[in-house]
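Participant: What follows is a structure written as structure tokens; I'll ask about it next.
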Amino acid sequence: MYKRQGWNSAVFGASLSIGSVIAMGLTGWLIDFLHWRTIFRLYSLVGIGWAIAFYLIYRNRPEEHPLVNEAELKLIRSEFVQDVEKPAQPATSESIPLNQHTEHVAKRMLRSKALWALCGQSLFRAAGASLFMSWFPAYLEIRFGLTPGDAGQFAMVPPAGIILGGLTGGVIVDQLYRRTGSKWISRSGFSVFVFICSAAFLMSAAWTSSSTMFVVLMSASAFCSGMGAPPAWAATIDIAGLHTSKIMGTVNMIGTLGDLLTTVLMGFVIKFIRDGGGDWNLVVYIVLAIYLACAVCWLAVDPTRSIDDLPEP
């Protein structure tokens, strides 16, 4: 299972981001023909359509799905049994009442330094990527004088870099683990390296005045940051132990908070620079600092020890 964690998480993360890339380019094209409110309404129809399709197709269990035949069901059941057959665990989960179980897990989560660091990297990783998913078209349009259509097309490249970086990182993470047998090298060490590289590309982007070269360097930075996603998910599974769903949700929530806060911050920063004639590289330096903070957090992530290994308080 550990040998495929990187690739599995990379495919999942790439699937989440593909829609963002399509929306960037499509919005840049549609803005010449439609009012932005109309574009928003069109995008809402996509979400409504997906919700209906999900309701009609999705089932909680494979035996409830009409498209799953008997042979597939037997295969799923056999793989599931092999995956979950483990020695008896201490009475720390399902054998105790739900309220006590939740309190038990929460105490362990709060006492885990690695988990705090993992939440920190999620916060900073999402905060850095938020520029490419939100304000980047407006930034290109205002700083370099691009048309909305051109800015939208250029803005597709960094998110595409995040997707390709995620898929590449998934392969590298798995290969590192196969070759070294070290979770720290394949998760934490690799992540420190890629976020330092991401910061280096951002510094190079701050030194160019060409819009094309700026997008190329920012995309290279996005590619490196994308490589940091698979080790994050793999380390979350390593640290979560028997409580993957709770901890995965917590780490993802912290990342969403970083995305939200940085999106708001960038709006104020871009307005400040535009109104006051400030240095446009301030935006780049903020993201650079965020990615360096992410690298520092990874130094404190120990994926070799799950919260189940912590002694009782």
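Participant: Could you please put C294, C119 in sequence from largest to smallest accessible area, using a 1.4 Å probe?
Facilitator: C119, C294
Participant: For A155, what residues show an amide H to amide H distance below 5 Å, using hydrogens built from the backbone and excluding near sequence neighbours?
Facilitator: none
Participant: How big is the C-alpha Rg of the stretch 176-313 next to the rule-of-thumb value 2.2 N^0.38 Å, as a ratio?
Facilitator: Relative to the 2.2 N^0.38 Å estimate, the stretch 176-313 comes out at 1.24.
Participant: Using the Karplus curve 6.51 cos²θ - 1.76 cosθ + 1.60 with θ = phi - 60°, what ³J(HN,Hα) values do you get for each residue of the stretch 37-43, in whole Hz, with x for Gly and Pro?
Facilitator: In residue order, the calculated couplings are 5, 5, 5, 4, 5, 4, 5 Hz.
Participant: Still on this structure, please answer the following. For D302, list long-range residues whose amide hydrogen, built 1.01 Å from N in the peptide plane, is under 5 Å from its own amide hydrogen.
Facilitator: The list, which skips near neighbours in sequence, is A114.
Participant: Taking all protein chains in place and a 1.4 Å probe, what share, in percent, of the accessible surface of the stretch 17-60 do carbon and sulfur account for?
Facilitator: 74 percent
Participant: Order Y291, Y55, Y43 by their accessible area, 1.4 angstrom probe, all chains in place, largest first.
Facilitator: Y55, Y43, Y291
Participant: Would you mind putting 296-304, 139-147 in packing order, based on average other-beta-carbon counts within 10 Å, highest first?
Facilitator: Per-residue Cβ counts within 10 Å, averaged per peptide and sorted highest first, yield 296-304, 139-147.
The values are calculated or read from the model by the stated rules, or taken from the named source; none is laboratory data. Everything quoted here is computed from the prediction, not taken from an experiment. Glycine gets a Cβ as well: all are built from the backbone with ideal geometry, and neighbour counts include every protein chain shown. What goes into the accessible areas is simple: the full protein's heavy atoms, side chains included, and nothing from ligands, DNA or RNA. Shrake-Rupley method; radii C 1.70, N 1.55, O 1.52, S 1.80 Å.
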